[in-house]
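All remarks here apply to the structure that follows.
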């Protein structure tokens with residue numbers, strides 16, 4: 001990958017904007033990166049992260065699901081966690097629970113140690129699972 005590669009240039013621009021909290025322009029650059037290389041799971045994931053930050057969980061879900069088709073096994077549990085958050089943000093709590101559990105199993109299977117990135121005010125995937133369970137309506 002060269003510095004002149006259009007996919008790489010677009011991804012780097014999107015990453016810089018994301019780090020500065022400029023999520024809408026970052027998403028546009030990640031989309032350019034994806035246009036240049038549709039199998040770029042990192043750009044798909046990053047675009048999903050932008051849409052999560054922009055409070056657009058349905059769009060985030062779509063990007064995360066697309067990235068899951070291509071992601072490396074080592075990174076899969078973290079991406080599954082983000083998908084669970086997108087479902088949670090849509091108040092699709094049962095689906096979020098299923099996804100959080102799948103991510104926890106995947107992290108054990110692939111030797112991922114420690115907690116995954118925490119959700120606002122919690123301590124990782126286990127906490128998200130408990131919050132999602134608490135949000136379920138009584139049966």
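List of remarks:
- Cα shape, the range 1-60, gyration tensor, a/c 1.5 rule: oblate
- Each label point was placed 7 Å from the Cα along the Cα-to-Cβ direction; for residue 36 and residue 62 their separation is 2.3 nm.
- With neighbours defined as other Cβ atoms within 10 Å of a residue's Cβ, the residues 72, 52, 31 order from fewest to most as 72, 31, 52.
All of the numbers you see were taken from the coordinates with simple rules; none came from a lab. Everything quoted here is computed from the prediction, not taken from an experiment. Backbone-built Cβ (ideal geometry, glycine too); neighbour counts: all protein chains shown.
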